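The block underneath contains the structure these notes are about, expressed in structure tokens.
The values are calculated or read from the model by the stated rules, or taken from the named source; none is laboratory data. Please read these numbers as outputs of a predicted model, since none were measured by experiment. Note that we place each Cβ from the backbone using ideal geometry, even for glycine, and neighbour counts take in every protein chain shown.
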Amino acid sequence: MSLFQHHLLFWFPLEYLFISINVAGIVSFRKAVTTVYPLKPDMTLSLVTTGIYKITRNPMYLGALLLLIGWAFFLSNIFSCVASMIFVLYMSRYKITPEEKALK
């Protein structure tokens, strides 16, 4: 039995979660009247701790990870799963850490 034998059973729910989590993150930012633009953390007007941000500190990155994992299942490709893990390492080092430093 292959890990990807029923790949579409995993793909659809992961893509739904991806969309839901990203929309919830954007809505939380809009309600707080602050920027969604991650490349300029100095444009941030407030720290959002409500909505989806009560559950996860980085919902849009979590959503992107779910998209990548869902895509790996859709393609039935183990190398795509490895790429998802590389994404996590990259985002932690080069995006999340600098963003958190900027918020201090």
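Quick notes
- Among the candidates T34, T49, residue that is among the β-branched types (V, I, T), assigned to a loop (DSSP other than H, G, I, E, B) and surrounded by 13 or more Cβ atoms within 10 Å (Cβ to Cβ): T34
- Residues in region 61-96 that are at pLDDT 90 or above and among the basic types (K, R): R93 alone.
- Among residues of region 53-104, those that are under 20 Å from M43 (Cβ atoms) and in a helix (DSSP H, G or I), counted: 15
- Close Cβ contacts (under 8 Å, 6 or more residues apart or on different chains) running from residues in region 63-88 that are closer than 14 Å to F10 by Cβ to residues that are among the hydroxyl-bearing types (S, T, Y) and outside any helix (DSSP H, G or I) comprise S76/S2.
- Matching residues in region 90-104 - criterion: being aliphatic (A, V, I, L, M) and over 13 Å from the mean Cα position of the chain (by Cα): A102, L103
- Test for S20: is it at pLDDT below 90 and either surrounded by 11 or more Cβ atoms within 10 Å (Cβ to Cβ) or touching a helix residue (DSSP H, G or I) at 6+ places or on another chain (Cβ under 7 Å) (or both): no
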